[in-house]
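Engineer: Take this structure first; my questions come after.
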Amino acid sequence: MKPMILKASLLAAFAWYAGHPHGWAQSGSASRSALEAAPIAWNAPSEPRAWETRSPKVNSNTALELEVQELKDALRAQQQRIAALESQLAGGRGFNVEAGADQEPGGKIKGSPPPPPQPSPSSTIQASHAQDQEPGGKIKASPLSFHLGGAEITPGGFADFSTFYRGTDVASGIGTAFGSLPFANSAQGRLSEVRFTSQLSRLTLKAVDDYAGSHITGYMEMDFNGNDAPNSLLTTNPHTDRLRLYFMDLQHGKWEFLAGQSWGWLTPNRVGLSPDPADVFSSRNVDNNYQVGLTYSRAAQFRVAFHATPHWSMGVAFENPEQFVGSGNEVALPVAFGATLATQLDNNTNTTAANLHPDIIPKVAWDNDFDGRHFHIEAAGLAT
């Protein structure tokens, strides 16, 4: 269409100059050349277009097809470069692009970022360890608890496997009955005993929370050393679970209150008047009857303690009572009242002994550290 517009412009210019008062006679060949060039200058663009520089023999349809083909080729090359860059960013290698002018030796696109290195298994493990480290290379402590509402819950326990051997046949199970060791002049005193068990495996659960200025702790502890059936050791060894500790402790300022089943205050402490099992002295013996001469109990109780200073603590406990007289001749009852008193006391068979009031146990403790060592002194009494 543009060549036709150019021809129309030439005809219009010719007619205008032909009707001009001066006509062609005013100028010679130079004037005529200037007049012929003027219409082209009015309509031609500042720079010739691609189709205007081609051979006059190429018609408009052919020029348009060539221009479209050039655009398609350029688009195809651009798409190939984009695909190559995407592959390179994704870590792909060995791609080939037709536009070789944009490639470096080895097939890499010029100006493109280097492909990210592929992590090795060892580097992946190192990265995972790095996430578990604090600034400075210190390993982060693994969480031992989880939160439920505002409370911090800490599960615990251990799996135990115990093997014990006795030179005499006590026949008391995993806990040694120190009061009934057979002598050598009996058949049991000439027999030995060996046993495997997992009864002392333990489960614990601790919950800690703060409420209205008070620090609250709930604690539960159990094992599998309960009262087994007479034939429990024949096949499946289904040991009975047993409640050891179950209490709630509340601390408010210098005052501390506890309710539930805990170690009795006649059991020696290691630190203050704390009910924490780690602060109670139950010896380091493997035998779960602990040590001969150790006074201990775990009983339902209510107690209150006052921490006067960081060193001094005092309190009083009201514990579940049980009037025990032993199963032998530990306590000799009056002959005239033996039959009557036997039903009022626990002789290892009667668990419903009459009790006038709870056991009342006052206790005071003093703690201090000297030369890096902890010292603990305590005194306790019993009213039963």
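Engineer: Say we look at segment 328-384 and pick out the residues that are among the acidic types (D, E) and closer than 24 Å to F318 by Cα; which of these is farthest from the chain's Cα centre (by Cα)?
Structural biologist: D346
Engineer: Which residue, of T236, T309, T240, is surrounded by fewer than 14 Cβ atoms within 10 Å (Cβ to Cβ), at negative phi, β-branched (V, I, T) and modelled with pLDDT of 95 or more?
Structural biologist: Among T236, T309, T240, only T309 is surrounded by fewer than 14 Cβ atoms within 10 Å (Cβ to Cβ), at negative phi, β-branched (V, I, T) and modelled with pLDDT of 95 or more.
Engineer: Please determine whether any residue of segment 281-290 is among the small types (G, A, S) and either in contact with a Phe, Trp or Tyr (Cβ under 6 Å, 6 or more places away or on another chain) or assigned to a helix (DSSP H, G or I) (or both).
Structural biologist: Checking segment 281-290: at least one residue is among the small types (G, A, S) and either in contact with a Phe, Trp or Tyr (Cβ under 6 Å, 6 or more places away or on another chain) or assigned to a helix (DSSP H, G or I) (or both).
Engineer: Also, I was wondering about something else. Return yes or no: is A259 farther than 23 Å from L294 by Cα, among the small types (G, A, S) and surrounded by 13 or more Cβ atoms within 10 Å (Cβ to Cβ)?
Structural biologist: yes
Engineer: I'm trying to understand the selection: among the residues of segment 317-337, which are touching a residue at least 12 places away in the same chain (Cβ under 8 Å), over 10 Å from D359 (Cα atoms) and not in a loop (DSSP other than H, G, I, E, B)?
Structural biologist: The answer is F324, and nothing else.
Engineer: Say we look at segment 164-187 and pick out the residues that are outside any loop (DSSP other than H, G, I, E, B) and modelled with pLDDT under 90; which of these is nearest to N237 (Cα to Cα)?
Structural biologist: F164
Engineer: Starting from residues that are aromatic (F, W, Y) and under 17 Å from W366 (Cβ atoms), keep the ones in segment 285-325 and report whichever is farthest from the chain's Cα centre (by Cα).
Structural biologist: Checking each candidate, the answer is W312.
Engineer: State the number of residues belonging to segment 191-216 that are exposed (fewer than 12 other Cβ atoms within 10 Å of the Cβ) and in contact with a Ser or Thr (Cβ under 8 Å, 6 or more places away or on another chain).
Structural biologist: 3
Engineer: To continue, here is another question. Among the residues of segment 324-363, what is the count of those that are crowded, with 17+ Cβ neighbours inside 10 Å and of a type outside the set (D, E)?
Structural biologist: Of the residues in segment 324-363, 5 are crowded, with 17+ Cβ neighbours inside 10 Å and of a type outside the set (D, E).
Engineer: Let me ask something else about it. For segment 176-190, what are the residues that are touching a Phe, Trp or Tyr at 6+ places or on another chain (Cβ under 9 Å) and touching a residue at least 40 places away in the same chain (Cβ under 8 Å)?
Structural biologist: Hit for segment 176-190 is T176, nothing else.
The values are calculated or read from the model by the stated rules, or taken from the named source; none is laboratory data. If you're wondering where the values come from, they're calculated on a predicted model, not measured in any experiment. Note that each Cβ is placed from the backbone with ideal geometry, even for glycine, and that neighbours are counted across all protein chains shown.
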